[in-house]
Amino acid sequence: MIQILNEDGEMVNEDAMPDLSDDDLVELMRRMVYTRVLDQRSIALNRQGRLGFYAPTAGQEASQLGSHFALEKEDFLLPAYRDVPQLIWHGLPLYQAFLFSRGHFHGNQMPEDLNAVSPQIIIGAQITQAAGVALGLKRRGKKNVAITYTGDGGASQGDFYEGMNFAGAYQAPAIFVVQNNQFAISVPVEKQSAAKTIAQKAAAVGVPGYLVDGMDVLAVYQVTKEARERAINGEGPTLIETMTYRYGPHTMAGDDPTRYRTDDMDDEWEKKDPLVRFRKYLEGKDLWSEDKENEVIEKAKEEIKAAIKKADGQDKQKVTDLISIMHDKLPYNLEEQMEEYKEKESK
C-alpha cells in the first residue's frame, strides 16, 4: 500500500512526496476542513428535514479531495452519490448541491463550464460512462482525462469490469477510483470477493492498478497525478483503490452502522483520520494553526448558510417543469399531459 504520511503525520516515503508548494498544501487542508464542516451541516440539515438524500463523507476527505486536487478544470468528472464534494470543488455551486439532495431538477443542471455529470445513484453505472467519455476525449485530441468514483461495492458490479476492459482496450484516458471504505452498505469487502485487493483486478484487463492509503491525502494526490500524466500521454487508464473509511452511516436513509461495525473498528479508523494526520504534518511545517482552522470553519458555516437560503428561495418544481425539459419536441402524449397539468397548476 502506497503511503507518504503515517498516522502521526510523519513522512515515511520522502521519494514519493509530490511537488506541491506550501500554498498548495494549505489549500488542500482548507478544502478538507471545509468539506468536514459541510458534511456535519448536511447531516444536521437532513435531520431537520431540509435536505433529502444524503450520503455522509467524513473520513473519506483525503481520498476524495486528494484525487480531485490532481485534476485540471477541463477534466471530466463522473461521481457516485457520495462524491458531491468533488463536484463542488470542480465548480458546482453549493446551493445546487443542496437542490440535488432535495431531488430538484435544477440541482442536476450542470453549469456550462463544468465538465461533469450528476452523481450516479445506480451502483457502478458511471464506470462504463467514464470509459465512453474518456474515449471521446481521446478521439477529439483533448489532453484531459475522465475520472470516476465508486465504492468497494461498485467493484462487484459487471459495469466495473466492462468499463475498465473497454477503456483498456482503447487506451482511453480514464482514471477509475474505487474508494474501499470496507463495507458495501453492510456487506464487508472480504465477503464480496476472494481477491486480496480490488487494485489487483486491474491486471485482468491489462491496466495498472494501485493500492493507496486513502487516509493519506498526499499519497492519493501523487498516485492520481501520475495516473493523469500517463493517461494524457496516451498510456491508457489506471485503477486506484483507496483504503478509507466512512465514519457515518451509508446514507441518512435509515442505515445503522452499529449493526455491522464494531466500536473497535471505528476506534481503529478514527486514529487514521485524514484531517488529524495532515494537520500534524502541516503544523510541523508551521503552515497550519488552530486560528487558521477556525477561520475556515467559520467561513464554511457562513457560505453553507447562504447556500441553503438560496436553495430555499428556488422556485418549487412543478410537473410541467419536468415535462418541458424532457424533450426538444414533446411527443403527443406528453403534450396532452402538459396541458392537463397546466390546468391543474393554474388553480
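What follows draws every value from the coordinates through simple rules; no lab data is involved. Source: prediction; values computed, not measured. Positions of Cβ are backbone-derived with ideal geometry, glycine not excepted, and every protein chain shown enters the neighbour counts.
Some observations on this one:
- Gyration tensor verdict on segment 1-149 (Cα atoms; rounded if a/c is under 1.5, prolate if a/b is larger than b/c, oblate otherwise): oblate
- Averaged over residues, the count of other Cβ atoms within 10 Å places the peptides 150-158, 331-339 in the sequence 150-158, 331-339, highest first.
- Relative protection proxy for 176-185, 190-199, 86-95, from highest mean packing down: 176-185, 86-95, 190-199 (other beta-carbon atoms within 10 angstrom).
- Taking label points 7 Å from Cα along the Cα-to-Cβ direction, GLU343 and GLU162 give a separation of 4.3 nm.
- Axial C-alpha extent at least 24 Å, average Kyte-Doolittle at least 1.0 - helices from the chain (DSSP): none
- Close amide H contacts of ALA116 (hydrogens built in the peptide plane, cut-off under 5 Å, sequence separation of 5 or more or a different chain): LEU77.
- For segment 201-347: rounded, prolate or oblate by the Cα gyration tensor [a/c cutoff 1.5]: prolate
- Computed over the chain, the per-residue total of -39500 (n - 2.57) for DSSP H runs of n ≥ 4 gives a 222 nm mean residue ellipticity of -14000 deg cm²/dmol, rounded to 500.
- For the chain, the relative contact order comes to 24 percent (Cα pairs under 8 Å, sequence separation of at least 6).
- Dipole in debye (nearest 20) - the chain, about Cα centre, beta carbon charges: Lys, Arg +1; Asp, Glu -1: 1000 debye
- Whether segment 1-86 is rounded, prolate or oblate, judged on the alpha carbon gyration tensor where a/c under 1.5 counts as rounded: prolate
- Remark: spin-label model distance MET326-ARG50 equals 3.3 nm, labels positioned 7 Å along the Cα→Cβ axis.
- Among the listed pairs LYS196/LYS272; LYS292/LYS316; LYS143/LYS201; LYS196/LYS271; LYS272/LYS309; LYS196/LYS225, a Cα-Cα separation exceeding 29 Å is found for LYS292/LYS316; LYS272/LYS309.
- Ordering 52-63, 136-147 by mean Cβ neighbour count within 10 Å, with the highest value first, yields 52-63, 136-147.
- Over all other residues within a Cβ to Cβ distance under 14 Å of LYS342, the charged ones net out to -4, with Lys and Arg as +1 and Asp and Glu as -1.
- GNM on the chain, alpha-carbon springs under 10 angstrom: the most fluctuating residue among VAL187, VAL37, VAL133 is VAL187.
- Interatomic Cα distance distribution for the chain, bins of 20 angstrom, percent: 29, 57, 13, 1
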